[in-house]
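First up is the structure itself, then whatever we jot down about it.
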């Protein structure tokens, strides 16, 4: 072979290697960490000085935290099911509901573009869609909630099918260990494809039963009541005896709320510790610098705010969620106030990972906001719950409308972020009320919302709280029954799939 041919061959080889490495470097790994029922303000980086979350706070220090990230809502009480369907599909509520069968999901899109996909944790959208979405899976929980100490786990076999469920140990640890093992094995295999690793914890969703060594780490008496704490919700707008609301008696006492917050924060701090373990594994395997890390949650939770315990409402505490992102090319220690939805994550990650933009979705690409090239992608944002509540918010204002009750709340979120002072019935806000109602009607049409805003029958706002009944379900362990259900007949515990 001539010198020129050898030289040309060498140049071609070096060029091929260069382009392969360049292509690989243009596609960072993705670690997506998803919490369950976590309020946006239940993090140290959000300004909460009562909770210890150093590892999640570090993600925020290394990246961008969105302060106005929302789940759009739900068509039934298990908000997490439609929330996860929206996240995975990039579609808004009325275009996907909670069904992912036959829908192209975010991990599918990543797999089609050269990624290895792995999933562990909660999947509330049926086994078939998990099998279609991921190439690998370990410690997969198909369902809505379970006893943290005995969560039924499945693995994704080489045949692409999930195994039969097997009850194992504490959920947070099992999901974290599955992710750690995957990352370790990925590094050992010298895999050339980048990875998309999805870790969906069931914490801090109830049962509010922390791992035994975390019980009592936050003394009940040290917990401050929420600034919008109420003993009872001031009016009826839907089923106030829905499952989440039955986790405590009425009226909500300060003792109940402090105890609930103490256990809730302990669950989150344990989760934070395991998030740190996963990230340390990335560092140990020299994968951290080329990995985008996303931390988010499927919906918020009341825990005493407005006299509620659950997420079946449209107040900020229930619809606003954490959304933090860090990694290569992402600015450090920034906060963004833009109005975003969880279903914006899909197209945004596609952009940040240099993938083709997904089609037939509703989510907006917020990567330009993350990079500091843009301030916002929408002027207002619409949230919904069943057929009973609709809300719209702008940077400053929020209107909540209860069509069946012909009742409206108007809040100035800049001056009243806790939604305490209803301005809807003050004459000086009539023009603002009219403006916001106009926005709701436009969003109602734009989102293909099938529910009427003008029902024929108007229901009363008043209710008798003494007729509401506290009852546990079959997922609550003895710790919870002893602590939160004293004096309640637990002989006929209600079976629930939620």
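Of the residues making up the stretch 109-131, those that are touching a helix residue (DSSP H, G or I) at 6+ places or on another chain (Cβ under 7 Å) and outside any loop (DSSP other than H, G, I, E, B) are 109, 117, 118, 119, 120, 121, 123. Residue 476 meets each of the listed conditions (1) at pLDDT below 95; (2) in contact with a strand residue (DSSP E or B) (Cβ under 9 Å, 6 or more places away or on another chain) apart from (2).
Of the residues screened, residue 114 is not one that is over 22 Å from residue 199 (Cα atoms) and either in the same structural domain as residue 300 (by TED's automatic domain parsing) or under 17 Å from the mean Cα position of the chain (by Cα) (or both). Taken as a whole, the condition of being in the same structural domain as residue 82 (by TED's automatic domain parsing) and surrounded by 23 or more Cβ atoms within 10 Å (Cβ to Cβ) applies to residue 319. Here residue 426 meets each of (1) buried (at least 16 other Cβ atoms within 10 Å of the Cβ); (2) free of Cβ contacts under 8 Å to residues at least 40 places away in the same chain; (3) out of contact with any strand residue (DSSP E or B) (no Cβ under 6 Å at 6 or more places or on another chain) with one exception, condition (1).
Among what's in the stretch 198-231 and is surrounded by fewer than 18 Cβ atoms within 10 Å (Cβ to Cβ) and more than 30 Å from residue 415 (Cβ to Cβ), pick the residue that is farthest from the chain's Cα centre (by Cα). That would be 221.
Matching residues to (1) assigned by TED's automatic domain parsing to the domain that holds residue 243; (2) under 28 Å from the mean Cα position of the chain (by Cα); (3) loosely packed, with under 12 Cβ neighbours inside 10 Å; (4) without any contact (Cβ under 8 Å) to a residue 60 or more places away in the chain:
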site	(1), (2), (3), (4)
396	no, yes, yes, yes
416	no, yes, no, yes
456	no, no, yes, yes
466	no, no, yes, no
473	no, yes, no, no
476	no, yes, no, no
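For the stretch 166-194, taking the residues that are closer than 21 Å to residue 116 by Cβ and touching a helix residue (DSSP H, G or I) at 6+ places or on another chain (Cβ under 6 Å), the one that is surrounded by the fewest Cβ atoms within 10 Å (Cβ to Cβ) is identified as 180.
For the stretch 232-247, the criterion of being surrounded by fewer than 23 Cβ atoms within 10 Å (Cβ to Cβ), closer than 18 Å to residue 47 by Cβ and in contact with a helix residue (DSSP H, G or I) (Cβ under 7 Å, 6 or more places away or on another chain) is met by no residue. Given the structure, is residue 445 closer than 22 Å to residue 73 by Cβ and loosely packed, with under 13 Cβ neighbours inside 10 Å? Taking the combined requirement at face value, the residue satisfies it.
The values are calculated or read from the model by the stated rules, or taken from the named source; none is laboratory data. These figures come from a predicted structure and were not determined experimentally. Please note: Cβ atoms are built from the backbone with ideal geometry, for glycine as well, and neighbour counts cover all protein chains shown.
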